[in-house]
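A quick write-up on the structure given underneath.
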Amino acid sequence: MIAPGTAPPGTAYQEIRLERVETGARKRPRFELRQPAGQLAFDATGVVVAAVMLFPIYWMVATAFKPGRDILSLTPKWFPDPFTVQNFQDAIARPYFLEDVRNSLIVVAAMLAISLAVAFLAAVGVARFGFKGRTAFLIMIIGVQLVPLNSLIIPLYLMLDGVGQTDALPGVIAIYLAVVLPFMVWTLRGFVANIPVELEEAAMIDGCTRVGAFFRITFPLVGPGLVATAVFGFIQAWNEYIIAYVLLSSPGNQTLTVWLASFTTNHGPEWGPLMAAATLTGLPVVAFFLIVQRYLAGGLTAGAVKG
Amino acid sequence: MGVAIAAPDLEPAPRRHWRHRVNFLPYALITPSVAVIAGILAFPLGMLGWLSLQNYGLRELIAHQGEWVGLDNYTTILKDPLFHQVVIRSLLFTLTCVALTIFLSTLISLLLLKVRSAIRVLIASALVFVWATPVVVTVDIWQWMFDYEFGVINYLLTQLHFGNYIHHNWFDNPVQGLAVIALIVVWGAIPFVTITLFAGLLQVPGDIVDAARVDGANAWQSFWHVTVPILKPILLIVTCLSTIWDFGVFNQIYIMLNQRPSSDYFVIAIYSYRESFGVTKYGLGATIAVVMVLILLAVTFFYVRETLEVADVQKEQMA
């Protein structure tokens, strides 16, 4: 079950971390050209690349703050002047916005709580113990990620339909749980394995029980790993669309992405409120990203993003 | 059960002395994960195969009982000219997106090595922003930017004298429409692939490149004969992953066309969805999904093999 943008387990992805990007910045002179003119050309190209990548996001935010007459103008205004928050008020006042925000939050919180606990247990199991079937388990963890989620929608729908859970959040939570779990187990396993058993053994010599040593020594050290995998899970669940769209049929039961995707269909292209709604939908993810970034100390790309 | 099977495990084997004392504990620890994965991923996968052999429509859905038809669904879709079109369109679309993604990402990751550090941080931040933006949001943004009347793209193209794009509807012509959608897919895929490739480039030893330069290789030769071979495992992985994602593209097309794509825009994931949830032929939809998985299996075979080789190499390096 591979979610787009997810680093697959079993690859060299544990090695790829944002900290390396910074390291690279400092000891760069590898391929470097020394001519100032060449350097300037590269830098200018770099600015253009960043601008092109960012422009759509800028345009969303800029449009969201423009009054209607400036949005529907044949000559676009590059900056929101005059500036208005009317579009945001419109978007929030739309039917089911608040219900669907609440649904998204419930789905993400429930899924994260369960998946972190379940994944952590399995990660400790495979990182700390050798047992028969361990390799088979690891291969299963990798293998299931290769099945595209889109292909499983029909059986998942029929399964949940059979138990009367199609228009309800628990079904969606269960599916998201299964989608993020293999990746979480794999990532956490790496974090647990990186903590030397000797640390626990030292604590045990000093009088800790094994369980005590685990919770006092290993658990706090795995903190960054739990944060990294939580970010990953949050983004996957918050951004997911098709499962929620197929399973949740009544407007008050849907998640925010489903609400946003049907915005144009339901209301016609009212670009101002739509861009405000899109900004609001994207905001939690970006904010979450920025808040936890400093706790990550790497592992950002190990717990990759994009749904 | 030799090296190949043990390959995904990148660490040295765990301490043995724990094994003798507690034997049941690891099984208890992995049981919840196994249960979730088996119940919600493995079982539906089996059910998908089973459904593809059934006539399963609305009546069967209500009765919770399909009608066994053997391989009829497979013969139906193999004879269906629309399905042939859909497969060819999906393959071409995937090829275009993957090629563009890898090409542009390689260029940007090389550029990241050359720019001064402030610019590198700027580009990396831009990439992270794009990466973090939900797909549904990005599709809405591009829909607005390509709006036929007030879209900024038509305005810019006209102002820059690429022709008269005023009131040009990009989605009248499916080739243009799919090109726009490919642009959205590639734009969304560049951050992950670029950062991955850049991390790979940082692992290319500088002295090898220098040595190639001393021996008279020009920039292109040292890139092609030194950097690319070292980068090959990562290039292969991101290529195969991109193939998986781009072959399964659904959201970008479905939302871009306001949840009513015409058959000119059907790719395989849309077609499977339409057959099952649009016209309630779940059996036929499942058959299409099975074909999709089979096509992808052919691709991911190389990915898995490559992954195991990479893991082997790492294991040797650690030993």
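Since every read-out is calculated from the coordinates, none of them should be taken as a lab result. Please read all numbers here as calculations on a predicted model, not as lab measurements. Note that each Cβ is placed from the backbone with ideal geometry, even for glycine, and that neighbours are counted across all protein chains shown.
Rounded to whole numbers, the Karplus 3J(HN,Hα) couplings from phi for segment A:239-245 are 8, 5, 10, 5, 4, 4, 5 Hz, using 6.51 cos²θ - 1.76 cosθ + 1.60 with θ = phi - 60°, and x at Gly and Pro. If one computes the Cα centroid of segment A:189-216 and of segment A:168-184, what distance in Å separates the two points? Centre-to-centre distance over Cα atoms comes out at 31 Å. Here the relative contact order of segment B:3-318, from alpha carbon pairs under 8 Å that lie six or more residues apart, stands at 29 percent.
Phi-derived couplings, Karplus 6.51 cos²θ - 1.76 cosθ + 1.60 at θ = phi - 60°, listed residue by residue for segment B:273-290: 5, 5, 4, 7, 9, x, 10, 6, 9, 5, x, 5, x, 5, 4, 4, 5, 5 Hz, with x used for Gly and Pro. Coupling constants for segment A:89-105 follow from the phi torsions by the Karplus curve (6.51 cos²θ - 1.76 cosθ + 1.60, θ = phi - 60°), and in residue order they are 4, 4, 4, 5, 6, 4, x, 6, 4, 5, 4, 6, 4, 4, 4, 4, 5 Hz; glycine and proline get x. Within the shell of other residues whose beta carbon sits under 13 angstrom from the beta carbon of residue A:250, the net charge comes to -3, with Lys and Arg scored +1 and Asp and Glu -1.
Distance between the C-alpha centers of segment A:136-166 and segment B:233-304? Whole Å please. Taking the Cα centre of segment B:233-304 as reference, the centre of segment A:136-166 is 15 Å away. Between B:187, B:68, B:224, the Gaussian network model of chain B with springs among Cα atoms under 10 angstrom shows the greatest mean-square fluctuation at B:224. By other beta-carbon atoms within 10 Å, ranking B:50, A:238, A:186 with the fewest at the front produces B:50, A:238, A:186. When peptides A:258-266, A:105-113, A:224-232 are ranked by their average number of other Cβ atoms within 10 Å per residue, the highest-first order is A:224-232, A:258-266, A:105-113. Cα centroid separation, segment B:100-163 to segment A:49-94: 17 Å. Among the lysines of the protein assembly as shown, pairs at least eight places apart or on separate chains and with Cα atoms under 29 Å apart come to 11. When the Cα positions of A:252, A:193, A:107 are compared along the charge dipole of the protein assembly as shown, A:193 comes out farthest toward the positive end, with charges on each C-beta of Lys, Arg, Asp and Glu. If you take every residue apart from residue B:95 with its C-beta less than 12 Å away from the C-beta of residue B:95, what net charge results, scoring Lys and Arg +1 and Asp and Glu -1? Once positives and negatives cancel, what remains is 0. Note down the net charge around residue A:202, summing +1 for each Lys or Arg and -1 for each Asp or Glu among other residues with Cβ under 13 Å from its Cβ. After counting each charged neighbour, the total is -2.
Counting, for every residue in A:53-65, the Cβ atoms of other protein chains within 10 Å of its Cβ and taking the mean gives 5. When each of A:120, B:301, A:289 is scored by the number of other beta-carbon atoms lying within 10 Å, the sequence from fewest to most is B:301, A:289, A:120. Rank B:29, B:78, B:297 by mean-square fluctuation in a GNM of chain B with C-alpha springs under 10 angstrom and give only the top-ranked residue. Maximum fluctuation in the GNM of chain B, among the listed residues, is at B:29. Arranged from fewest to most other beta-carbon atoms within 10 Å of their beta carbon, B:114, A:77, B:79 become B:79, A:77, B:114.
Amide hydrogen proximity for residue B:54: with H placed 1.01 Å from N in the peptide plane, the residues at 5 or more positions away or on another chain lying under 5 Å are B:69. Taking the alpha carbon gyration tensor of the protein assembly as shown, multiplying each eigenvalue by 5 and rooting it gives semi-axes of 37, 34, 25 Å, largest first. Taken about its Cα centre, segment B:135-265 carries a charge dipole of roughly 180 debye when the Cβ of each Lys and Arg holds +1 and the Cβ of each Asp and Glu holds -1. Entry for segment B:3-318 at q = 0.16 Å⁻¹: log10 I(q)/I(0) = -1.37, Debye formula applied to identical alpha-carbon scatterers, no solvent contribution. Taking label positions 7 Å along the Cα-Cβ direction at both residue A:89 and residue A:102, the computed distance is 2.4 nm, reported to one decimal.
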